[in-house]
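Please read the structure below before turning to the comments.
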Amino acid sequence: MGRIHLFEFEDQKWFPTFLRNYGTDFLQFLSNKTKMYKAIIPIIKKGLQKGKTNQIIDLGSGGGGGLIWLNSELKKDIPDLKITLTDFYPNIPAFQFTKKQADNFEYIDKSVDARDVPTELKGLRTQFLSLHHFRPNDAKQILQNTINSNSSIAVFEAQERSFPSLLAMLFSPLSVLFTTPFIKPFKIGRIVFTYLIPIVPLFVLWDGLVSSLRTYSVKEMHVLVRSLNGTENYDWEIDKVKSGPGVILYLLGTKKSTK
């Protein structure tokens, strides 16, 4: 199956911010509670070590993803770890909630474009469930900007273009219905637009299915990095790892050592 770049509601400028935030809040809650990213901890550690940094600059953070749980695990070996949350459409309430969970979180309250990251934001760039939002030329811009700034990058996608992944997405509305009462901070609007006017479970279903259809395969990510200027100066690790019943596709790009 070829990659299909259909539209996602959360990408649209006209889509109400509060509804987009309810969707990213759901993803944050689910990824933290299920410890979805447990398998990729060694990959992040490798990126930090090879990049000689204790800073993570998270791009397209949404509601913070699984970083709350990941942070608690990473700090066991990297006690001075710092994480900065950014997004093109920053979910400020979620960023504030995440920051309250640990004092090493910071966030940028202005829009940050992953294709042109401000030079003052230095560290290992991470993307969780966000590379698929970008068409190939834009995805290459993200990676090229990483090279141009002599940074490292780690990209993770917890879905793929496969029948099992699409099937799992069909059950996402049930996950929304079951988890919504437990998502913090509590918001009456979240209840209204989940149970009384079920926009949230429906748009999460659509965006989830489209995310799977948009996701770059391991082979396609290899193609992306081959076309970059200066790609020969980087070590690229592109693969997938098992995570519960599913898999996580990942790309790790670090600058080669100049010994």
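The values are calculated or read from the model by the stated rules, or taken from the named source; none is laboratory data. All of these numbers come straight from a predicted model, not from anything done at the bench. Cβ atoms come from the backbone with ideal geometry, glycine included; neighbour counts cover every protein chain shown. Please note that ligands, DNA and RNA were not included when accessible areas were found on the heavy atoms of the full protein model with its side chains. Shrake-Rupley method; radii C 1.70, N 1.55, O 1.52, S 1.80 Å.
Does at least one position in the stretch 142-153 carry a residue that is touching a residue at least 12 places away in the same chain (Cβ under 8 Å), surrounded by 15 or more Cβ atoms within 10 Å (Cβ to Cβ), aliphatic (A, V, I, L, M) and part of a strand (DSSP E or B)? There is at least one residue in the stretch 142-153 that is touching a residue at least 12 places away in the same chain (Cβ under 8 Å), surrounded by 15 or more Cβ atoms within 10 Å (Cβ to Cβ), aliphatic (A, V, I, L, M) and part of a strand (DSSP E or B). May I ask you to say which residue of Asn137, Asn91, Asn145, Asn104 is of a type in the set (S, T, N, Q) and in contact with a Ser or Thr (Cβ under 6 Å, 6 or more places away or on another chain)? On inspection, the qualifying residue turns out to be Asn91. Under the condition of being touching a residue at least 40 places away in the same chain (Cβ under 8 Å) and assigned to a loop (DSSP other than H, G, I, E, B), which residue from the stretch 16-51 is most open to solvent (accessible area, probe 1.4 Å)? Taking the candidates together, the pick is Thr34. For the stretch 199-244, a residue qualifies if it is surrounded by fewer than 19 Cβ atoms within 10 Å (Cβ to Cβ) and either without any contact (Cβ under 8 Å) to a residue 12 or more places away in the chain or of a type in the set (Asp, Glu) (or both), and the qualifying residues are Lys219, Glu220, Val223, Arg226, Glu232, Asp235, Glu237, Asp239.
Here Leu121 fulfils each of the conditions (1) at pLDDT 95 or above; (2) in a helix (DSSP H, G or I) apart from (2).
Answer yes or no as to whether Leu166 is assigned to a helix (DSSP H, G or I), over 13 Å from Gly23 (Cβ atoms), open to solvent by less than 70 Å² (accessible area, probe 1.4 Å) and touching a residue at least 40 places away in the same chain (Cβ under 8 Å). When the stated conditions are applied, Leu166 passes them. Against the criterion of being exposed (fewer than 12 other Cβ atoms within 10 Å of the Cβ) and not aliphatic (A, V, I, L, M), Pro173 does not qualify. Considering the stretch 52-83, and only residues there that are under 13 Å from the mean Cα position of the chain (by Cα) and within 17 Å of Pro118 (Cβ to Cβ), the residue that is surrounded by the most Cβ atoms within 10 Å (Cβ to Cβ) turns out to be Ser61. Of the residues that sit in the stretch 112-127 and are closer than 11 Å to Ser151 by Cα and of a type in the set (D, E, K, R), which one is surrounded by the fewest Cβ atoms within 10 Å (Cβ to Cβ)? Result: Lys122. Can Trp236 be described as more than 16 Å from the chain's Cα centre (by Cα) and assigned to a strand (DSSP E or B)? For Trp236, the condition - more than 16 Å from the chain's Cα centre (by Cα) and assigned to a strand (DSSP E or B) - is met. Looking only at the stretch 25-62, residues that are hydroxyl-bearing (Ser, Thr, Tyr), farther than 14 Å from Ile78 by Cα and modelled with pLDDT of 90 or more come to 2 in all. Filter the stretch 84-111 down to the residues that are touching a residue at least 40 places away in the same chain (Cβ under 8 Å) and open to solvent by 30 Å² or more (accessible area, probe 1.4 Å), then identify the one that is farthest from Arg20 (Cα to Cα). Selected residue: Tyr107.
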